[in-house]
1. Return yes when Q161 is among the polar types (S, T, N, Q), surrounded by 13 or more Cβ atoms within 10 Å (Cβ to Cβ) and out of contact with any strand residue (DSSP E or B) (no Cβ under 9 Å at 6 or more places or on another chain) and no when it is not.
2. Among the residues of the stretch 164-179, write down those that are touching a strand residue (DSSP E or B) at 6+ places or on another chain (Cβ under 8 Å) and in a loop (DSSP other than H, G, I, E, B).
3. Let me confirm something: among K131, K52, which residue is of a type outside the set (S, T, Y) and under 16 Å from the mean Cα position of the chain (by Cα)?
4. Given the residues L221, L199, L235, which is the only one that is modelled with pLDDT of 95 or more and assigned to a helix (DSSP H, G or I)?
5. Consider the stretch 194-227. How many of its residues are closer than 25 Å to D99 by Cβ, touching a Pro at 6+ places or on another chain (Cβ under 8 Å) and open to solvent by 40 Å² or more (accessible area, probe 1.4 Å)?
6. May I ask you to list pairs of residues, at least six apart or on different chains, whose Cβ atoms are under 8 Å apart, with the first in the stretch 52-63 being loosely packed, with under 14 Cβ neighbours inside 10 Å and the second being in a strand (DSSP E or B)?
7. For the subset of the stretch 114-130 comprising residues that are assigned to a loop (DSSP other than H, G, I, E, B) and open to solvent by 80 Å² or more (accessible area, probe 1.4 Å), which member is modelled with the highest pLDDT?
8. Output the number of residues of the stretch 87-113 satisfying the condition of being within 26 Å of L74 (Cα to Cα), of a type in the set (A, V, I, L, M) and open to solvent by less than 70 Å² (accessible area, probe 1.4 Å).
Amino acid sequence: MLRLYHLLLGSILLVSIPVGAKFILPQFSPPKVVKPLAVGISNPNEGNIWQKILGSAAAPTNWEVAACKGNAPLLCVSSKGEVLGTVEINVYPLANNEDFQKKLVAAGIPPGSQVDYQSSKYQTQILSALKAWVADHYAAFVKDRQGEYGKQITFSAYPPQPVPVGKLQGIRYGFAGLNQQGGVQEQHIGHIAFDGSKLYVITTAFDPGTQTGKFEKLENLAIFQPYLYAIAADLRLP
């Protein structure tokens, strides 16, 4: 019965994406319970960062969530010993990210500003900078895919949503590529947050062309999606 429910859920999500829509996708509610624009950091001596930041390991019945083995910044989602998908996190130091520095300045946060998580003005400014990052990321992604697919795939995005990423104010974003038959060629889900010195970008997808941070089956991504939201909200960040 549970398996039937999961299949129905996946089908509903597919049907609910409007064919040919260019900018709006359904907004998915959290449960009650590409290419980055800068170079991320990865220290092989520190191990997998998910071991340090993973809080709640929310997962569907008979599924498991844990940091993948090795140093790659991947979170493994598995069932009965089989890896169904991974979630990737990249960390970008502000000092090496001139693009986001400019976005902070444009939002009213000059270099060297003190972090004030309690200030509503600061939160609004951070959200403005993060939304600008998402807009640029989406534009660069679509340009890249248009070069690859031409007019065979139509890309759609749903509006960025302010959400907590650990104790940080973050943004959830996502987009999908629909083929001419109305099927989903790609679907991407991301979270982004800033702690005053580093930008955190958490991503997963259904995308045959992606090597890491992906699910092999769209159905499994759809099932795991609300649990990913719960995991992001409970991360040990900052």
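1. It is false that Q161 is among the polar types (S, T, N, Q), surrounded by 13 or more Cβ atoms within 10 Å (Cβ to Cβ) and out of contact with any strand residue (DSSP E or B) (no Cβ under 9 Å at 6 or more places or on another chain).
2. Across the stretch 164-179, the qualifying residue is only G166.
3. When all the criteria are applied, what remains is K131.
4. L221
5. Counting residues in the stretch 194-227 that are closer than 25 Å to D99 by Cβ, touching a Pro at 6+ places or on another chain (Cβ under 8 Å) and open to solvent by 40 Å² or more (accessible area, probe 1.4 Å) gives 2.
6. That search, which allows pairs on different chains as well, returns N62/S79.
7. Taking the candidates together, the pick is Q114.
8. Number satisfying all stated conditions: 4.
The values are calculated or read from the model by the stated rules, or taken from the named source; none is laboratory data. Keep in mind that what you see is a predicted model, and the values were worked out from it rather than measured. No Cβ is skipped: glycine too gets one built from the backbone with ideal geometry, and neighbour counts run over all protein chains shown. Calculation scope for accessible area: heavy atoms of the full protein, side chains included, ligands and nucleic acids excluded. Shrake-Rupley method; radii C 1.70, N 1.55, O 1.52, S 1.80 Å.
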